[in-house]
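Shown next, in structure tokens, is the structure this report addresses.
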Amino acid sequence: MKRMMLGAAAAMAIAAGVTAWAQAPAAAPAEVVTYIQAGALLDKPGSRARGNSTIVVRGGKIAEVRDGFVGGEAGSKVVDLRDKYVLPGLIDMHVHLFSTGRPLESRLAASSQDNEDDAFEGMRNARRTLMAGFTTVRDLGSEGPAIIALRDTIASGDLPGPTIVPAARMVSVSGGHGDVNGYNRTLTKAYMAERDNVCDGADDCRRAVRRQVSHGAEVIKFAASGGVGSNVAGGLGRQMFDDEMKAIVDTARLFGRKVTAHAHGADGVKAALKAGVDSIEHGSYIDDEAIGMFKSGKAYFVPTMLAFQSVVEQAKRGERPVASANKAFEVEKIATKNISHAIKSGVRIAFGTDSGVGVHGINAREFKLMVDAGLPPAEAVKSATVNAADLLGRSAQIGTIEVGKDADIIAVTGDPVADVTRLQTVDFVMKRGTVHKLTGKQVLVD
Ligand SMILES: [Zn+2]
């Protein structure tokens, strides 16, 4: 009935000469069905993998998951991954897509690089991240308008990249980890004029959160403690007061946003947990009291061990200013031991790399570091799929391969649970039903 009425309306429009030149609208193209034939299917990480299976993808979504190999009717596509392990697209809880991972170069470039250079850098890093098998990322610190533009261009399908959940800028205090630092006074003044993420006092911190939301932040991040990367000799302990943290969390909740805190010092970790955050990033000095708070609450711990490795390597190469290098060496001594203790104590872990501190596209190296720190391999894979989706509040869309979810699917050679380093070489990437990476002769019928 509806169709008939539309038809009548179109005929009337043509009769009236409004669209007399237009062709009748073509029938919508038949929806392409893709059959992904998987040798083994780790559809729900944390559970056992299935044997030979076929995932039916329609309209960017998972329409069916069937046993054995099926598909191949006229007009459909078959992706032959019969000798591969197929699993959900990976999710990284902590990246900075506009950061190069080359700190020395970045500081030199600060005086010569324009927004256009930054834009292409972000596009390049997004592409590398997707090709590494990461179909969703949480960007925890980029210029608001830039990361939103990148998110939207990728979402439109015009640019290859992961789904981005942006935080815009990290909310921080004056002199804190997210403040402008390490530049001459002319550059500092210019950068500060653009920043609206720095706040002092509870009211001002409410403003800073609201500004990030107004830019389009989908999650709020704040710096509860000092940071390794900032050129401030202020240590790695807590740098924000209780009322400031509480104001940040409460304001974020009013807008329906989740909150994560950058925190190294145990005092910062505990204060942020007490304020009610959903996750803690880094946690290098995490202690038993903090571990107890994690276990009695619902927050996730995002250890970002790859970032520790990157900053230490950069500091050794002389690429970091003295204040930053000293903090890197200080953290190196204790972080792995403390994080390992937290992991072995059963704290809930979500996968994050802080890529942008180091280069992009090597995110999957974090898996090995997690396993070396005592996380069972199956749990490591779960941390980058099921757990990360939960932390994002997107378990209904991503994190497993189940009917109705987004067709975010990757494949590797060999069992990734038996050897997590296999996740460092990804042979197939599909995001929302679009194939972005194929190696070998996997398309049988086209
Ligand atoms: Zn970070």
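The values are calculated or read from the model by the stated rules, or taken from the named source; none is laboratory data. Everything numeric here is computed off the predicted structure, so don't read it as measured data. Cβ: placed from backbone, ideal geometry, glycine included. Neighbour counts: every protein chain shown. The protein model used for the area step is the full one, side chains on, heavy atoms only, and it has no ligands, DNA or RNA in it. Shrake-Rupley method; radii C 1.70, N 1.55, O 1.52, S 1.80 Å.
Relative contact order for region 90-392: what percent, with Cα pairs under 8 Å and sequence separation of 6 or more?
20 percent
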Can you give the convex hull volume of the alpha carbon atoms of region 121-264 per residue, in Å³?
116 Å³
Can you give the local net charge around residue 365? Use residues other than it whose beta-carbon is closer than 13 angstrom to its beta-carbon, Lys and Arg +1, Asp and Glu -1.
-3
Probe 1.4 Å, accessible area per residue of the chain, Å²:
43 Å²
Estimated vicinal HN-Hα couplings, Hz - region 54-63 in sequence order (Karplus 6.51, -1.76, 1.60; Gly, Pro = x):
10, 9, 9, 10, 9, x, x, 10, 7, 8
J(HN,Hα) series, region 244-250, from Karplus relation 6.51 cos²θ - 1.76 cosθ + 1.60, nearest Hz, glycine and proline x
5, 5, 5, 4, 5, 5, 4
Which of 68, 178, 89 ends up with the largest GNM mean-square fluctuation for the chain, with Cα atoms connected below 10 Å?
68
Any idea what the alpha-carbon Rg over 2.2 N^0.38 Å comes to for the chain?
1.06
Shape parameters for region 310-446, alpha-carbon atoms, Rg then Dmax in Å
17.7, 58
Sticking to Cα atoms, compute the Rg of region 365-445 to one decimal and its Dmax as the biggest Cα-Cα distance, whole number, in Å.
13.8, 44
Quick one: work out the % antiparallel among DSSP beta bridges in the chain, nearest 5.
45 percent
Choice from 84, 298, 333 showing the highest fluctuation, given a GNM over the chain with Cα pairs closer than 10 Å:
333
How much net charge surrounds residue 95 when only the other residues with a Cβ under 10 Å from the Cβ of residue 95 are counted, with Lys and Arg +1 and Asp and Glu -1?
-2
Quick one: among 378, 146, 190, which has the greatest mean-square fluctuation in a GNM of the chain with alpha-carbon springs under 10 angstrom?
190
Residue (of 40, 123, 165) at the positive-pole extreme of the chain, dipole from beta-carbon charges:
40
Here Rg/Rh (Cα, Kirkwood) for region 202-265 equals 0.99
Suppose every K and R has +1 on its Cβ and every D and E has -1 on its Cβ; what is the size of the dipole of the chain about the Cα centre, in Debye to the nearest 20?
520 debye
Over region 242-382: Rg over Rh, Cα atoms, Kirkwood Rh
0.98
For region 48-186, the fraction of alpha-carbon pairs in successive 5 Å shells from zero, as %:
2, 8, 14, 17, 15, 12, 9, 7, 6, 4, 3, 2, 1, 0
I want the local charge near residue 304. Using Cβ-Cβ distances under 9 Å, sum +1 for each Lys or Arg and -1 for each Asp or Glu among the other residues.
-3
Roughly how many percent of the accessible protein surface of the chain is carbon and sulfur, given a 1.4 Å probe and a whole-percent answer?
53 percent
Could you derive backbone 3J(HN,Hα) for region 376-388 from the dihedral phi with the Karplus parameters 6.51, -1.76 and 1.60 (θ = phi - 60°), listing whole Hz in sequence and x where the residue is Gly or Pro?
x, x, 4, 5, 4, 5, 5, 5, 9, 10, 4, 5, 5
Beyond a 29 Å Cα-Cα separation, which of these cross-linked pairs lie in this structure: 327/431; 84/431; 298/344; 84/337?
327/431; 84/337
